Each structure stands twice: as structure tokens, then as C-alpha cells.
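Below is one structure, written out as C-alpha cells; comments come after it.
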Amino acid sequence: MELDDEFLLEVCRVKLSGSSLLTLCNSGQFQALTNSDSTRKVIDIAAVLGKSLGLALVDCSASSGTIGVLKQVVDLGCCIVLANKKPLTSTMEDYDKLVSHPRRIRHESTVGAGLPVIVSINRVISSGDAVHRIVGSLSGTLGYVMSEVEDGKPLSQVVKVAKSLGFTEPDPRDDLSGMDVARKALILARLLGWRINLDSIKIESLFPKEMGANAMSVEDFLDSGLLLLDKDIQERVTKASLNGNVLRYVCVIEGSRCEVGIQELPKDSPLGRLRGSDNVLEIYSRCYNEKPLVIQGAGAGNDTTAAGVLADILDVLDLFPE
Ligand SMILES: NC(=O)C1=CN([C@@H]2O[C@H](COP(=O)(O)OP(=O)(O)OC[C@H]3O[C@@H](n4cnc5c(N)ncnc54)[C@H](OP(=O)(O)O)[C@@H]3O)[C@@H](O)[C@H]2O)C=CC1
Ligand SMILES: N[C@@H](CC=O)C(=O)O
């Protein structure tokens, strides 16, 4: 099917209403394929057009279920563009396969949404300048949540707003558990050549296991679970503020240390000054030592993420003759 303006507007309308894209099938114009049918069709098309036309498979889901098809199309010579972090944070074996043709994969939106994080680190590394430390605030959701809670708003309220603004993962617990930031940390660490998995990362969660996905639905978590967290986080914010500090959810990659969690930081530090869904990333290398390379800006949201994905698609198109 051709992605004409009318179809794209319909997609936007469905997404804005918060409905599933599957509702497009109700009109009879569109068809939902089962996983195995859609995989077969994608593979068939990739086998015919992959190498010759520069087919790019774009994964904007939040699913691990796409890893198999992504690996197969890579073998068929296709390009892949990912906003989805899960394929790159699976096993080392999956990762090695997906990045086996570095010029044919782009995943700028997996870290910092539309910010030029991956491309900048790749440029530094490919010039022979080894990166030895990365520190940053890499979650639009947690950045927004921390600065709103600092302003006195309850966590239970601001998480819902973050979801409505398109900052959170489909299940906001992926953000609040620190898992989404850990995935970004893993993507960056692997980019630096670290051969580690998610379980090597120290992760601080903002909620207990009893509120996890196995224990309650997203709706119950948003409606009742979150209310139980309001007091604790407000107390931590107040305690930090008495020391002239603020709380930020920070990612540190350095030496053999890769960890993500809440830190109490001076209000006027680069991370302390962050507001809303902005991300900031400090990259330290031989050339950027005393003064790190700093990347800062909107780190979540539909527009900036979509812009990052579009720029990636246009970038891989350059590999193929017009
Ligand atoms: N939002 C943001 O700011 C950012 C998001 N990302 C990443 O982008 C991805 C999407 O996030 P976001 O757009 O916010 O989430 P959404 O839930 O809004 O979108 C995900 C879409 O993927 C569809 N989908 C899920 N599984 C499949 C599948 N197997 N085949 C086809 N479609 C599928 C869903 O369909 P349905 O409508 O039926 O549920 C849904 O429309 C995530 O991986 C996220 O981490 C990255 C950077 C920033
Ligand atoms: N849920 C993520 C979206 C981008 O990856 C975030 O809040 O940063």
C-alpha cells in the first residue's frame, strides 16, 4: 500500500485519539496480518528488493517480537532503522547480527529521540578518539517527572501527563523502573565496544516489584499503584531541596561501571538545571576531556522522535543509486 497523505493523516488521527492502529482495519481498507503472515511477506519483499532498491525496514514498535525478522532482512541486504531499543538490547549474538553491516543500520532515536547522540559518538570513535566516560540524563519521562515533582506536583499526576504528552513508553513502568534508561545505557556501552548485557547494569526502580507488569495492569498501576508512591518521592525531593539540591535520574558509563539511578545534584549543575523532557549527555574522550562534548535538547516526544527516524531513513537512502 502507498503511504499517501490521506492514509498518514488517518494514522495520525488514530494515534492522537489514543486508539490502537488495529482500528484502521475496521474501515475494511486495511488488513492486520498475523505475526507469521506479516513476517513472511516482509521477508518475501526483502528477498526480491532488499539489495537492488535499498529497502529499509523501520521498527517503531516497543516489542522484542521484531528481532527475528530484523535479523533475516539484514541477511537479505536490507537496511534497518530503529526507534525500538529492544532489538539492540537483546543478546550479544542478536546485537552482533543487527550491526554486522554498520552502514546499513541507523538507530538515532533509540537514545535521546531526535538528538544527534549516536552519530556524534560514532564520529568521535571513528576518528580514533576513545570515549572513556558518558554521564547524562537520558529519560524524557523521568526528567519531566523529576522537575514537576520538584515544583510540588504529585508523581501520580505528572506520570499521567507525561504519558498523554507522548514521553512515556507504552507501559510507563518501563520508564519508572529505570529499564528504558538502562536500555539506552546498554546501547551506548555497546557502541563503545563493551560486550555486556542488561543484567550487568545496576538499575534503580521507582516502584517495588509488587507493582510490576506481572502483578497489575497498566491501568491499575496508573489509577491506584502510583498513588502509593507519591509520599516517598516527595519526601526525597524535600530532603534534597533542604541541601540546595535536586533529584535527577542519571546514567553513568565509565571504567567497568554502567549504572542508572537517582542522584542528588546541585541545582546549578548541568544536570540539575535540566527542565521538562530535555536530555543532556556529557561525552568525555581524549579530545573532550576537561570540557566534555555536551548534547542537550528535547529527549522525548512524538515530533522529535519521528524527525529522528525520518532523518535516519533519508540517511540510509544515500547508500543506493538514484
Ligand atoms: N515516544 C518517544 O518519545 C520515544 C519513543 N521511542 C521508541 O519508539 C517506540 C514507539 O514508541 P511510541 O510511539 O511512544 O509508542 P506507541 O505505543 O505510541 O507506538 C507503538 C506502535 O507500534 C505498534 N506496534 C506494536 N507492535 C507491533 C508489531 N509487532 N507490528 C506492527 N506494529 C506494532 C503499536 O500498534 P497499536 O497501535 O496497535 O498498539 C503502536 O501503534 C518505542 O520503542 C519507544 O521506546 C524512542 C524515542 C522517543
Ligand atoms: N520513554 C522514553 C522515550 C524515549 O526513548 C523517554 O521518556 O525518554
Quiz item: For a label point 7 angstrom out from the Cα of D44 toward its Cβ, which stretches of the range 12-37 have the backbone nitrogen within less than 16 Å?
Solution: 31-37
Self-check item: About the Cα centre, charge dipole magnitude for the range 1-144 (Lys/Arg +1, Asp/Glu -1 at Cβ), debye
Solution: 400
Quiz item: Taking only DSSP H segments of four or more residues, each worth -39500 (n - 2.57), what value at 222 nm results for the chain once the sum is divided by all its residues, to the nearest 500 deg cm²/dmol?
Solution: -11500 deg cm²/dmol
Quiz item: Viscosity 1.567 mPa s, temperature 4 °C: Stokes-Einstein D of the chain from its Kirkwood Cα radius, in µm² per second?
Solution: 62
Quiz item: For the range 131-265, what is Rg from Cα atoms divided by 2.2 N^0.38 Å, rounded to two decimals?
Solution: 1.06
Quiz item: Could you give the Stokes-Einstein D for the range 1-137 in µm² per second, using the C-alpha Kirkwood radius, 25 °C, 0.890 mPa s?
Solution: 144
Practice problem: Could you work out the relative contact order of the chain, using alpha carbon pairs under 8 angstrom and six or more residues apart, expressed as a whole percent? | Solution: 22
Exercise. Could you work out which residue, out of N197, N245, N35, moves most in a Gaussian network model of the chain, that is, has the largest mean-square fluctuation with Cα springs under 10 Å?
Key: N35
Quiz item: How would you order 181-192, 38-49, 15-26, 267-278 from highest to lowest mean count of nearby Cβ atoms within 10 Å?
Solution: 181-192, 267-278, 38-49, 15-26
Quiz item: Within a Cβ distance under 14 Å of C60, other residues only, what is the Lys/Arg minus Asp/Glu net charge?
Solution: -1
Self-check item: the range 1-25-the range 286-322 distance, computed between alpha-carbon centres (Å)
Solution: 26
Quiz item: Hey, rough spin-label estimate for E264 and S224, points 7 angstrom out along Cα→Cβ, what's it come to in nanometres?
Solution: 3.4
Practice problem: Report V294's accessible area, 1.4 Å probe, all protein chains in place, as a number in Å² to the nearest 10. | Solution: 80
Self-check item: Contour excess over end-to-end distance, with Cα ends at D315 and L22 and 0.36 nm allotted per residue
Solution: 102.5 nm
Exercise. Give me the percent of the accessible area of the range 97-193 that comes from carbon and sulfur atoms, probe 1.4 Å, all protein chains in place.
Key: 51
Quiz item: In nm², what is the average projected area of the convex hull enclosing the Cα atoms of the range 232-303?
Solution: 6.6
Quiz prompt | Lys, Arg +1 and Asp, Glu -1 on Cβ, resulting dipole of the range 165-322 about Cα centre, debye, nearest 20 | solution = 780
Quiz item: When all C-alpha to C-alpha distances in the range 77-210 are sorted into bins of 5 Å, what percent of pairs does each bin hold, rounded to whole numbers?
Solution: 2, 9, 18, 21, 19, 14, 9, 5, 2, 0, 0
Practice problem: Sorted from largest down, give the three principal axis spans of the alpha carbons of the range 205-265, whole angstrom values. | Solution: 36, 33, 13
Quiz item: Among residues other than I125 whose Cβ falls under 13 Å from its Cβ, what is the net charge (Lys/Arg +1, Asp/Glu -1)?
Solution: +2
Quiz item: In nanometres, what is the gap between the two model label sites at S100 and N197, each 7 Å from Cα along Cα-to-Cβ?
Solution: 2.0
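The values are calculated or read from the model by the stated rules, or taken from the named source; none is laboratory data. These figures come from a predicted structure and were not determined experimentally. Glycine gets a Cβ as well: all are built from the backbone with ideal geometry, and neighbour counts include every protein chain shown. Areas reflect the complete protein model, heavy atoms only, side chains present, ligands, DNA and RNA absent. Shrake-Rupley method; radii C 1.70, N 1.55, O 1.52, S 1.80 Å.
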